[in-house]
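> One structure coming up, written as structure tokens, with questions to follow.
The values are calculated or read from the model by the stated rules, or taken from the named source; none is laboratory data. No experiment lies behind these values; they were computed from the predicted model shown. Reconstructed Cβ throughout: ideal geometry from the backbone, glycine too, with neighbour counts over all protein chains shown. The protein model used for the area step is the full one, side chains on, heavy atoms only, and it has no ligands, DNA or RNA in it. Shrake-Rupley method; radii C 1.70, N 1.55, O 1.52, S 1.80 Å.
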Amino acid sequence: MSALSDQIIVALDVPTREEALSIVEELGAKVGAYKIGMQLYNACGPEILQAVKERNGRVFLDLKFHDIPNTVASAARVAANLDVFMFNVHASGGSAMMKAAAKALQEEAAKQGKKRPLLIAVTVLTSMSEEELQDEIGVSRAMAEQVAALAKLTKESGLDGVVASPREIKIIREVCGEDFLIVTPGIRPADAAADDQKRIKTPRDAVGDGADYLVIGRPITQAANRSAAVEAIVADMELAIK
Ligand code: C5P
């Protein structure tokens, strides 16, 4: 397995255990991790995490916790004990919430003698427009400023990084520096269908802009040959570092 394939996180956006595990059985550790979100987790429960791990997959638990600090800290302890590779919270929960989650993770991992999961934050959902952000949510800053401010708050709160759309990578790198993970969805190989994604980048451009992990769903999960799809994506990523 190359280091570049380790940067690929496959989104398991499927409704059943069978469909999810057929993907994991085919790809195993050929990719860095599998993203399990609300659909699959709510359908299958935590057992699905164990099933993915048994098939040589690491898990990014994408449940976007957003609650009072004590509740999120407790959920973070559970995530540490579920041995997930990465999970996330909403940065708009604030620094007290994020710090409580980071502290709980450290403590729990130390207690169990385990490596702690990576903890990242969502800044602003990329489905949200600047009008919605300002008129509905009541934020007065422009979208780019809000994303940059929440990324900075995330870093100051001791988290490892953020989820960001491909167009936000550069500004976040500027504000948060090199030592901060950027996890990017909206990735499409040059010859793939955009599906419902509007602001896409190729694997090569996302890596070139400084993304650490690429979250990729349909271009891999719906490919006739999923291993070949992963290999083609890795070959495209390689072009960014040559
Ligand atoms: O199939 P596709 O590659 O579009 O899947 C991308 C994954 O990343 C989906 O799980 C989607 O919900 C998620 N995502 C996204 N855009 C964001 C945040 C998450 O596409 N801004």
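> May I ask you to list the residues in region 3-37 that are within 28 Å of Val207 (Cβ to Cβ) and either in a loop (DSSP other than H, G, I, E, B) or in contact with a Cys (Cβ under 8 Å, 6 or more places away or on another chain) (or both)?
Ala3, Leu4, Leu12, Asp13, Val14, Ala20, Val31, Gly32
> Quick check on my filter: what residues within region 203-226 are under 26 Å from Leu40 (Cα atoms), open to solvent by less than 70 Å² (accessible area, probe 1.4 Å) and not polar (S, T, N, Q)?
Scanning region 203-226 gives Pro203, Ala211, Asp212, Tyr213, Leu214, Val215, Ile216, Gly217, Pro219, Ile220, Ala223, Arg226.
> Moving on to the next point. What are the residues in region 131-152 that are closer than 26 Å to Ala101 by Cα and in a helix (DSSP H, G or I), if any?
Leu133, Met143, Ala144, Glu145, Gln146, Val147, Ala148, Ala149, Leu150, Ala151, Lys152
> When you go through Ala224, Ala235 one by one, which is the residue that is over 18 Å from the mean Cα position of the chain (by Cα) and under 16 Å from Ala3 (Cα atoms)?
So the residue among Ala224, Ala235 that is over 18 Å from the mean Cα position of the chain (by Cα) and under 16 Å from Ala3 (Cα atoms) is Ala235.
> Right, next: Quick check: anything in region 14-36 under 22 Å from Met98 (Cα atoms) and buried (at least 17 other Cβ atoms within 10 Å of the Cβ)?
Yes, there is a match, as at least one residue in region 14-36 is under 22 Å from Met98 (Cα atoms) and buried (at least 17 other Cβ atoms within 10 Å of the Cβ).
> Suppose we keep only residues that are open to solvent by 60 Å² or more (accessible area, probe 1.4 Å) and hydrophobic (A, V, I, L, M, F, W, C) within region 52-80. Which one would you say is farthest from Glu108 (Cα to Cα)?
Among them, the one singled out is Ile68.
> Just one of (1) open to solvent by 40 Å² or more (accessible area, probe 1.4 Å); (2) within 17 Å of the chain's Cα centre (by Cα); (3) at pLDDT 95 or above; (4) among the β-branched types (Val, Ile, Thr) trips up Ile200, so point out which.
Among (1) open to solvent by 40 Å² or more (accessible area, probe 1.4 Å); (2) within 17 Å of the chain's Cα centre (by Cα); (3) at pLDDT 95 or above; (4) among the β-branched types (Val, Ile, Thr), Ile200 violates only (3).
> Additional query: Suppose we filter region 183-197 for residues that are free of Cβ contacts under 8 Å to residues at least 40 places away in the same chain and either open to solvent by 30 Å² or more (accessible area, probe 1.4 Å) or more than 20 Å from the chain's Cα centre (by Cα) (or both); how many remain?
Total satisfying the criteria: 7.
> From Leu40, Leu49, grab the single residue that is within 12 Å of the ligand (Cβ to nearest atom), crowded, with 17+ Cβ neighbours inside 10 Å and part of a helix (DSSP H, G or I).
Sole residue among the options that is within 12 Å of the ligand (Cβ to nearest atom), crowded, with 17+ Cβ neighbours inside 10 Å and part of a helix (DSSP H, G or I): Leu40.
Residues checked against (1) within 14 Å of the ligand (Cβ to nearest atom); (2) modelled with pLDDT under 95; (3) part of a helix (DSSP H, G or I):
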| position | (1), (2), (3) |
| --- | --- |
| Thr154 | no, no, yes |
| Leu159 | no, no, no |
| Val162 | yes, no, no |
| Glu168 | yes, yes, yes |
| Ile172 | yes, no, yes |
| Asp179 | no, no, no |
| Ile182 | yes, no, no |
| Pro189 | yes, yes, no |
| Ala192 | yes, yes, no |
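> On the basis of being within 12 Å of the ligand (Cβ to nearest atom) and open to solvent by 80 Å² or more (accessible area, probe 1.4 Å), does Arg141 make the cut?
no
> In addition: Give Ala80, Ala110, Ala73, Ala104 a once-over and let me know the one that is without any contact (Cβ under 8 Å) to a residue 12 or more places away in the chain and not in a loop (DSSP other than H, G, I, E, B).
The conditions single out Ala110.
> Looking at region 85-100, can you tell me whether even one residue there is part of a loop (DSSP other than H, G, I, E, B), modelled with pLDDT of 95 or more and closer than 19 Å to Leu214 by Cα?
yes
> When region 113-127 is examined, which residues are found to be without any contact (Cβ under 8 Å) to a residue 60 or more places away in the chain, of a type outside the set (Gly, Ala, Ser) and either open to solvent by 50 Å² or more (accessible area, probe 1.4 Å) or not in a loop (DSSP other than H, G, I, E, B) (or both)?
Hits for region 113-127 are Lys114, Lys115, Arg116, Leu119, Val122, Leu125.
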